[in-house]
Structures are given as C-alpha cells and as structure tokens.
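Undergrad: Pasting a structure here, questions to come.
The values are calculated or read from the model by the stated rules, or taken from the named source; none is laboratory data. This is a predicted model, so every value here is computed, not measured. Here the Cβ is made from the backbone with ideal geometry for all residues, glycine too, and neighbour counts use every protein chain on show. Only protein heavy atoms, including side chains, enter the accessible area calculation; ligands, DNA and RNA are left aside. Shrake-Rupley method; radii C 1.70, N 1.55, O 1.52, S 1.80 Å.
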Amino acid sequence: MKLRILCTLLLLTFAGATQAQDQTDEALLQADSLFLAKKYTESFDIYQHLLEKERLTSPAMLLKMAFIKEGLGDYTNALYYINLYYLQTADRKALNKMEELAKARDLQGYGYGDFDFFKTVFFKFFDTIVMVLLALALMLVAIMVYHKKKYNKKPIVAGIMAILTLTLLFYTLNFGRDYHKAIITQSNTYIMDGPSAGAEVVAIVGKGHRLPIKGQKDIWTQTEWDGQTVFIKEDKLKKISFL
C-alpha cells in the first residue's frame, strides 16, 4: 500500500514537472514568434519573465534581450544582457560589443584581463568542473575504503586528497557562481567615501558603469572607483550573476 502511494506521488510530481516544462517551452516559442514579428516589447516581457521568474535562459534569448534594449536606447540593460551572454559563452564578439558600447559612452569598468578570461572559461564549463570534482571525490573515497579493507591501513594521502577535493567542490557549488560585478542603473548616482548618507561625495556619475563588488554594509555596496574604495547604495546597482 505504501509503495503504491509512493509511486503515485512520484508520478504526480513527474507529471507536474513535465507540464511546467511544456508551459515554459510554449512561452519561449511565443516570445520567439513575437520577436520575429518585430513585436519586441511583448517578446521582451516574456523573455524577462522566463529569466527572472523561471530561471530559464539561453545564449540566443539573452542576445535577443540585448538587441531589444539597445534598439530602445537602453544601453545599460543592453550591456547587462550582453554580459550575461558572455558569461555563458565566452564569445569574444560579445566582449568587443561591450567595449564598443562602453567606449561610445565613456563608461568605466569594461576592461578585460587574464583573470577575467579565466573566470569566463570557468563559468562556461562550470557544470563539467562540478562533475569532475564529484567523480574525483567518489574515486578517492572508493580508494580509501578499498585500502582500508584489503590492507587494514589508513590511506592518508588519499584521505587528504579527498578532503581537499570535497572542500573545493563545496566552495565551487556555494561560491563559484559569484561574478562580483554590477552595473549602475540610475543617472546621478552618488559615490560616497563611506557607507553613510553623511559621508563625503567622491563623484556623481551616470548609469552604465560596471563596478567590482567588494562587500556589503547594510544598504551600501562596497566597490571601487578610480582606484579608491567607495560605497554606493545597492538599489542603484544591478548585480551581474552567472545563471
């Protein structure tokens, strides 16, 4: 009886997941059709819902969202979606496009170095890296069990390697997706030298600049401007995250 109930619950769960996936696929097809019909505003609303509510994304969808925003003159969000696309694909053309848009509007924070390339490659192969670490950890644990049973010895080297691998896997799963960058989304944004409205104003800047995220203190995001540690209210920023 219990087995029958369990099977029923599993079937209902699977059916619900399948139905939700079908609805998502239908919404994506509808958005693509609207985009092809040049009904950009309607298609963007659906894409945005899929991205923010359903957590569904694809490189093609992000490119279309960036195209729509650039066409509307919203270069800030165009840069945001291109950046998301770049994190998924490591496409050099996307990097060039960001640099082009930033240069045309004198925006800071779009430089590119070796560490940025490493992070992008890491994001692109994130799932593969996680699977490799998991497989390595399981293999090391199996080696430990085998040596313990056959030789009745503690496999110290394998144990240390297993701990290091599991630690790296834990860090990757919990913190590996952090990109630590954000885009200023509002004009006349105040950059302060401290996390307080009473702090000294370092600069008043427009939207579109991309800044590194160094930390958070209440409603203030710690970042960097012209080599100086500064603070900006978090509601003035749109954090870029690997999806």
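Undergrad: Check segment 164-179 and report whether any residue there is surrounded by fewer than 17 Cβ atoms within 10 Å (Cβ to Cβ), in contact with a Lys or Arg (Cβ under 9 Å, 6 or more places away or on another chain) and either farther than 25 Å from ALA104 by Cα or small (Gly, Ala, Ser) (or both).
TA: No: segment 164-179 contains no residue that is surrounded by fewer than 17 Cβ atoms within 10 Å (Cβ to Cβ), in contact with a Lys or Arg (Cβ under 9 Å, 6 or more places away or on another chain) and either farther than 25 Å from ALA104 by Cα or small (Gly, Ala, Ser) (or both).
Undergrad: Does segment 120-136 include one or more residues that are among the aromatic types (Phe, Trp, Tyr) and not in a helix (DSSP H, G or I)? Show your work before the answer.
TA: Applying the first criterion (among the aromatic types (Phe, Trp, Tyr)) to segment 120-136 yields 122-123, 125-126.
Cutting the leftovers down to not in a helix (DSSP H, G or I) gives us 125.
Yes, segment 120-136 contains at least one residue that is among the aromatic types (Phe, Trp, Tyr) and not in a helix (DSSP H, G or I).
Undergrad: Take the residues in segment 15-41 that are β-branched (Val, Ile, Thr) and either within 25 Å of the chain's Cα centre (by Cα) or surrounded by 11 or more Cβ atoms within 10 Å (Cβ to Cβ) (or both); name whichever of them is modelled with the highest pLDDT.
TA: Of segment 15-41, the ones β-branched (Val, Ile, Thr) are 18, 24, 41.
Next, only the ones that are either within 25 Å of the chain's Cα centre (by Cα) or surrounded by 11 or more Cβ atoms within 10 Å (Cβ to Cβ) (or both) stay: 24, 41.
On the way: THR24: 75, THR41: 94.
Residue satisfying both the conditions and the ranking: THR41.
Undergrad: Taking segment 77-105, which residues are closer than 16 Å to SER241 by Cβ and of a type outside the set (A, V, I, L, M)?
TA: Filtering segment 77-105 down to residues closer than 16 Å to SER241 by Cβ leaves 77, 79-89.
Matches in segment 77-105: ASN77, TYR80, TYR81, ASN83, TYR85, TYR86, GLN88, THR89.
Undergrad: For GLY159, only one of the following conditions fails: (1) farther than 25 Å from ASP116 by Cα; (2) assigned to a loop (DSSP other than H, G, I, E, B). What is its number?
TA: Unmet for GLY159, out of (1) farther than 25 Å from ASP116 by Cα; (2) assigned to a loop (DSSP other than H, G, I, E, B): (2).
Undergrad: Right, something else. Identify the residue in segment 42-54 that is in contact (Cβ under 8 Å) with a residue 12 or more places away in the chain, within 27 Å of GLU99 (Cα to Cα) and out of contact with any helix residue (DSSP H, G or I) (no Cβ under 6 Å at 6 or more places or on another chain) and, among all such residues, is least open to solvent (accessible area, probe 1.4 Å). So that I can check it myself, show each step before the final result.
TA: Step one: list which residues in segment 42-54 are in contact (Cβ under 8 Å) with a residue 12 or more places away in the chain, which gives 43-44, 46-51, 54.
Restricting the remaining residues to those that are within 27 Å of GLU99 (Cα to Cα) gives 43-44, 47-48, 51.
Now narrow it down to the ones that are out of contact with any helix residue (DSSP H, G or I) (no Cβ under 6 Å at 6 or more places or on another chain): 48, 51.
Working: GLN48: 58, LEU51: 10 Å².
Per the criteria, the residue is LEU51.
Undergrad: Does segment 90-99 contain any residue that is closer than 23 Å to HIS209 by Cα, within 15 Å of the chain's Cα centre (by Cα) and at pLDDT below 95?
TA: Start the filter on segment 90-99 by keeping residues that are closer than 23 Å to HIS209 by Cα, which leaves 90-99.
The next check asks that each one be within 15 Å of the chain's Cα centre (by Cα); those that pass are 90.
Filter again for at pLDDT below 95, leaving 90.
So far as segment 90-99 goes, yes, one or more of its residues are closer than 23 Å to HIS209 by Cα, within 15 Å of the chain's Cα centre (by Cα) and at pLDDT below 95.
A quick yes/no check of all residues on (1) more than 30 Å from ALA37 (Cβ to Cβ); (2) of a type in the set (Ser, Thr, Tyr); (3) modelled with pLDDT under 90:
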site: LYS53; (1), (2), (3): no, no, yes
site: ASP74; (1), (2), (3): no, no, no
site: GLY109; (1), (2), (3): yes, no, no
site: PHE115; (1), (2), (3): yes, no, yes
site: PHE125; (1), (2), (3): yes, no, yes
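Matching residues to (1) more than 17 Å from THR185 (Cα to Cα); (2) among the hydroxyl-bearing types (Ser, Thr, Tyr):
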{"position": "SER58", "(1), (2)": "yes, yes"}
{"position": "TYR81", "(1), (2)": "no, yes"}
{"position": "PHE123", "(1), (2)": "yes, no"}
{"position": "ILE129", "(1), (2)": "yes, no"}
{"position": "LEU138", "(1), (2)": "yes, no"}
{"position": "ASN152", "(1), (2)": "yes, no"}
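Undergrad: In addition: Taking segment 64-119 on its own, how many of its residues are assigned to a loop (DSSP other than H, G, I, E, B) and at negative phi? It would help to see each step written out before you state the result.
TA: The first filter runs over segment 64-119 and keeps only residues assigned to a loop (DSSP other than H, G, I, E, B), leaving 72-74, 90-91, 105-113.
Next, only the ones that are at negative phi stay: 72, 74, 91, 105, 107-108, 110-113.
Residues that pass the stated criteria total 10.
Undergrad: Another one. Of all residues in segment 125-160 being open to solvent by 100 Å² or more (accessible area, probe 1.4 Å) and of a type in the set (D, E, K, R), which is nearest to VAL205 (Cα to Cα)?
TA: ASP127
Undergrad: Against the condition under 19 Å from the mean Cα position of the chain (by Cα) and open to solvent by 100 Å² or more (accessible area, probe 1.4 Å), how does PHE122 come out, does it pass? Don't jump to the end; show me each part of the working.
TA: Details: under 19 Å from the mean Cα position of the chain (by Cα): yes; open to solvent by 100 Å² or more (accessible area, probe 1.4 Å): no.
Taking the combined requirement at face value, the residue does not satisfy it.
Undergrad: To continue, here is another question. Before we move on, is ILE46 modelled with pLDDT of 95 or more, in a helix (DSSP H, G or I) and closer than 22 Å to LYS239 by Cβ?
TA: Working: modelled with pLDDT of 95 or more: yes; in a helix (DSSP H, G or I): yes; closer than 22 Å to LYS239 by Cβ: no.
No; evaluated as a whole, the condition is false for this residue.
Undergrad: Within segment 207-218, count every residue that is modelled with pLDDT under 95 and part of a loop (DSSP other than H, G, I, E, B).
TA: The qualifying residues number 3.
Undergrad: Follow-up question, since we're still on this one. Can you run down the residue pairs with Cβ atoms below 7 Å, 6 or more apart or on separate chains, where the first is in segment 166-191 and touching a residue at least 12 places away in the same chain (Cβ under 8 Å) and the partner is of a type in the set (Gly, Ala, Ser) and not in a helix (DSSP H, G or I)?
TA: ARG177/SER241; TYR179/SER241; ILE183/GLY208; ILE184/GLY208; SER187/GLY206; ILE191/ALA203
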